[in-house]
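The values are calculated or read from the model by the stated rules, or taken from the named source; none is laboratory data. Quick caveat, the model's predicted, so the values are computed rather than measured. Remember, those area values only see protein heavy atoms, side chains included, never the ligands or the DNA or RNA. Shrake-Rupley method; radii C 1.70, N 1.55, O 1.52, S 1.80 Å.
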Amino acid sequence: MKIFLDSADINEIKELCKTNLIDGITTNPSLIAKSGGNILDVIKEICGLVSGPVSAEVTAIDHKTMMMEAEKLLNLAENVTIKVPLTSDGLLTCKELSKNNVSVNVTLCFSASQAILAAKAGATFVSPFVGRLDDIGQNGLDLIYDIVEIYNNYNYKTQVLVASIRGVNHVIESAKIGADVVTIPTKTFKEMFNHPLTDKGLNAFLSDWQD
Ligand code: G3P
């Protein structure tokens, strides 16, 4: 399973890429706004920090303007993935870009039917949002089960990229289900390293070594 960071914070990305465990980055308009930078500058800088795909989201809601925004984003670097919302216009844009071998991430997916349409539109990635479904009292991981099963039934090439992850458990369960990618906040990535018995064991080894 690939691990992407869900962040537009340059310092965070720089720090965590040093682990050599990060396969790509996803951003969204909220994360770009939080970074305080201009989208084109921020995406260009992130693309220089990682060799894997960097998802950059269009902000237009109509197909024509989405295509114009995508073109600008694609000119920034070779590892840009265009992120489009799961709307009719978003999927039209996905289909057109995919036909030209552009990597596309279809985001804001909240149902299996939406995921079927994203695959049919040729998406490279589909991003189901597990945390936001949990937030409204549904089980976000059930959606991951459904999409993985459906995509396997038809050998769809679209990769299931689990987004809106709220903690380590979402990562573990996504891996058990067989999701292709998780995109996680930096806090969750750091938590993946931790176990109290690792700390306790290490302390014991170090103290025994010194005796
Ligand atoms: O990047 C999309 C997604 O991961 C957003 O997560 O926490 O805002 O629901 P969240």
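Remarks
- Solvent-accessible area of V80 with every protein chain in place, 1.4 Å probe, in Å² to the nearest 10: 10 Å²
- The chain - percent relative contact order, Cα under 8 Å, separation 6 or more: 17 percent
- For K14, a cut-off of 16 angstrom between C-alpha atoms picks up these lysines, skipping any fewer than 8 places away in its own chain: K44, K187, K190.
- Surface exposure of the chain, expressed per residue as accessible area with a 1.4 Å probe, stands at 53 Å².
- Expected-Rg normalisation [2.2 N^0.38 Å, Cα atoms] applied to the chain: 1.09
- Among the protein heavy atoms, those of I165 account for about 10 Å² of accessible surface (1.4 Å probe, every chain in place).
- Span per principal axis, largest first, for the Cα atoms of the range 61-152 (Å): 39, 27, 24
- Accessible surface, 1.4 Å probe, highest first, among residues K2, K64: K64, K2
- Accessible area ranking (1.4 Å probe, heavy atoms, ligands and nucleic acids excluded), largest first, for H195, H170: H195, H170.
- Between helix 140-154 and the chain: long-axis angle, C-alpha atoms, 0 to 90°, nearest 10: 60 degrees
- Helix-only CD estimate at 222 nm, as mean residue ellipticity for the chain, using -39500 (n - 2.57) per DSSP H run (n ≥ 4): -15500 deg cm²/dmol
- Measure of compaction for the range 93-141 (Cα Rg per 2.2 N^0.38 Å): 1.25
- Surface composition of the chain: carbon plus sulfur atoms contribute 52% of the solvent-accessible area (1.4 Å probe, protein chains only, all chains present).
- The range 58-122, relative contact order in percent, only Cα pairs under 8 angstrom and at least six apart counted: 29 percent
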